[in-house]
Structure formats: structure tokens, C-alpha cells
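Participant: One structure coming up, written as C-alpha cells, with questions to follow.
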Amino acid sequence: MYAVPSAALKTRNRQAVTAFLYRNDQATKRVLETELGLSLPTITQNLRALEHDGLARRGTPQDSTGGRKAQTYAFQPRHRAAIGVAIRPAELTICAVDLYGAVIANIRRSLPYTNVNAYYQRLGGIVNGFAADVEKAGSAILGVAFSMQGILSADGSTVSSGTVMDNTGLTLGTVSQSVRYPCIMIHDSDASAMAELWFDPTISDALCLYLERRPGGAVIVNGRLYPGPNQHNGAIEHMTLVPGGRLCYCGQHGCMDAYCSIETLPEEHESILGFFSVLEQGEQQHRRRMEAWMDYVAQVIVNARSVLAVDVIIGGEAAQYLDDDDIAQLRRRVMERSAFGADAFELRKSRCTDNQDIVGAALRFIADYVNAICGTTSPLSAAEPA
Ligand SMILES: [Zn+2]
């Protein structure tokens, strides 16, 4: 007679089978038996349940030694999806990501931002419509995460500093008033850093610098995002670079944003893309502008590393134009200006994936779900380490 497994053991077995399929895409019963040390009946029973719940499906049979092809079972990454939304001054960008963090659908809608209920109702309509299409294609929606350009309150419920979008005091309740799914807000730089961590779990400690039109930063400590008690660790954009210098949108003078924003590179009436194509042709004036910009960015890194001497990841729109030589040159400039000279540190480009912050925001829901079905703890889940 079989001993009836306890509920906890049953859960653990199911999580072990799910986690193995998740990590390896697919497996045969024999492989699961060998790798997990579970009995064949237990594996069969769990696979049946996972198939029933839509988490696994039968894959292509594999050749096996016995002559008969062995049935494989594949993880179903589109069983659930999460949605990320970037609210920007002129438009709305929405992505749906699957359980591996891959973008499975995305749309961009022109929708000029105004901090009024009518805007959030329009936004809700667009998000609900997009989500319905994703659900129709077979992926149930876990939730909707908004990547915000402002700093958030510690509990993530309010924009505590929203100068860029002029929405200080905006609450999650207002943003999500017409959205039919669970919603959260995440600071855009933190969201980008979460994508960084998801796609490269080997990152331990790093300073992420996102050179966007409105630059920002994030801090990773012990393989986790470390936004700090006030949620603005890494808010490098308002570090004073030039005392009494150019006026920043925050009202102060000489902030990093006013010197390192990618918008400071083009000449008047020139586009950012235009600037880089002229630079490519070797135009001297553009070269000088680029050199000055690189000096400012290097100084920001030196200043930041004087407090937190860790590796640096450079991302954002500007990073897409920087090649390996530019990154090496930037690192050289940092070394030349550093008090301790050539200490070992890595400066590298971010993954720079399209819509990185939007994907990173959505990953908050994905990470929690994957942790639950696989019985794992991911560095991306909202809970702080014990
Ligand atoms: Zn500022």
C-alpha cells in the first residue's frame, strides 16, 4: 500500500516538475525520473495535472534507446502573461510578456499626456482592449505594471516626485481607475534594472545608469534591486555636476540631467539620430560635442563610484549608439579621474532591449508567478530578502 503524500510534499513534487520543465523547456518522463528522483507514477500524475492546468503540453517525441520514441513534455510559457505600460508625454507603449519575459505582443498609441481622469479612462480602455486580445490568444493576464518617470512613495502607491510629467501626488488608484486587472507602478529606472537582473542572474552588485532623454539610475546589491527606504537610490539625474550650471527641470542648477541627457547632444533643429549619423561621418564639431558629453558622463560615474565602488551598467537610448570602443574610452576616462586609479571594475553596456523598462515592470508579476509555480525565490519579487 502506498503512503498518501502529505499536501506539502505533493506541492513540492509538483513545483519540482514544473521548475524542471521551466528551466529546460521540455523533458521526457525518464529524464524527470532521473533528475528529480521521483517515482514514475508521481511524475505521470503531476504531468497530467500540469497539462490539465495548461502549464505543460506534449512536445515532439524524442528518439530513445528502446527504439520507441519517448514522449516529451514542454513548458507552456504563454499560459500566463503580464502587461507593462509606459506613460510618456506624447504616447503610450504597451507590451505583454510571457513567463520567460519574452515580448509576445506590443502596441504604441499616440495619446498626449494630461494628468486628468479623462486621460486615465482612455488609457484604461486601451490597456483593457490590448489585454483582451492577449487573453483571446490564450494567455491569462496576471496584472498590469506601469513604468513611471517619477519617484514613487515607499509603498508604490503615489508619485512622490513627478516633475518630468507634472504629476506629483498622482495615485495608483487614479492611474488604474479603468483598468480591469491588478495594477502596480514602478519607477522606470528600477524597472529597467529589473530586466537587467532577470536576463543576467549573475549580476551581484552594480550601478545602472540609464542615459535616456530624462536619465536615471538604479542600484543592485547582492543580486537584488535596492531602491532604498525612500525609493530613490540611484536617482543620479539630479547629482550636481556643475555648481551654478545649466538650469535643470527640477529647478536646481547644474544637475546631471542638464549635461548628460541625450537631448543635449544634437544641435538646434537636429534629431538625435541625425546627430549620430553626422558624428559617424567624422564631423569635427559633433565629435567635440560628443567628447564633452562623454566627459560629463565619466564624471558622473566617478562621483557615484566614490560612494559605491561597484561595476557600472550603461543603458538607455544613448547606449544604443555606443560601440565597444566608446565604452572602453568611457571606462578610460573614469579611470583617469578616479582617486584610486585603476581599481578593478567593469563598465559595460546594458542589454539595451527594446522597451526594457516596460518589460522589466511586467516582470514583477511574472517573477512572483514563476516563484509560486516553481517554489523558487527570485531576486525580482517585491519582498526584501530576510
Ligand atoms: Zn535636477
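Participant: Can you report the number of residues in the stretch 200-240 which are basic (K, R) and within 16 Å of the ligand (Cβ to nearest atom)?
Facilitator: Summing the residues that are basic (K, R) and within 16 Å of the ligand (Cβ to nearest atom) in the stretch 200-240 gives 2.
Participant: Of these, T93, T18, T11, which one is of a type in the set (V, I, T) and surrounded by fewer than 18 Cβ atoms within 10 Å (Cβ to Cβ)? I'd like the intermediate steps shown before the answer.
Facilitator: Working: T93 fails: surrounded by fewer than 18 Cβ atoms within 10 Å (Cβ to Cβ); T18 fails: surrounded by fewer than 18 Cβ atoms within 10 Å (Cβ to Cβ).
The unique qualifying residue is T11.
Participant: Looking at (1) crowded, with 17+ Cβ neighbours inside 10 Å; (2) acidic (D, E); (3) assigned to a loop (DSSP other than H, G, I, E, B), which one does D368 not meet, given that it meets all the others?
Facilitator: (3)
Participant: With the condition kept exactly as written, say whether any residue in the stretch 206-215 is free of Cβ contacts under 8 Å to residues at least 60 places away in the same chain, touching a Phe, Trp or Tyr at 6+ places or on another chain (Cβ under 9 Å) and either assigned to a strand (DSSP E or B) or charged (D, E, K, R) (or both).
Facilitator: For the stretch 206-215, residues free of Cβ contacts under 8 Å to residues at least 60 places away in the same chain, touching a Phe, Trp or Tyr at 6+ places or on another chain (Cβ under 9 Å) and either assigned to a strand (DSSP E or B) or charged (D, E, K, R) (or both): absent.
Participant: Here is a further query. Residues in the stretch 247-279 that are within 11 Å of the ligand (Cβ to nearest atom) and more than 23 Å from L330 (Cα to Cα): how many?
Facilitator: Looking only at that region, the number is 7.
Read the figures in this text as sums done on the coordinates, not as results from a lab. Small disclaimer: the values here were computed from a predicted structure and weren't measured. No Cβ is skipped: glycine too gets one built from the backbone with ideal geometry, and neighbour counts run over all protein chains shown.
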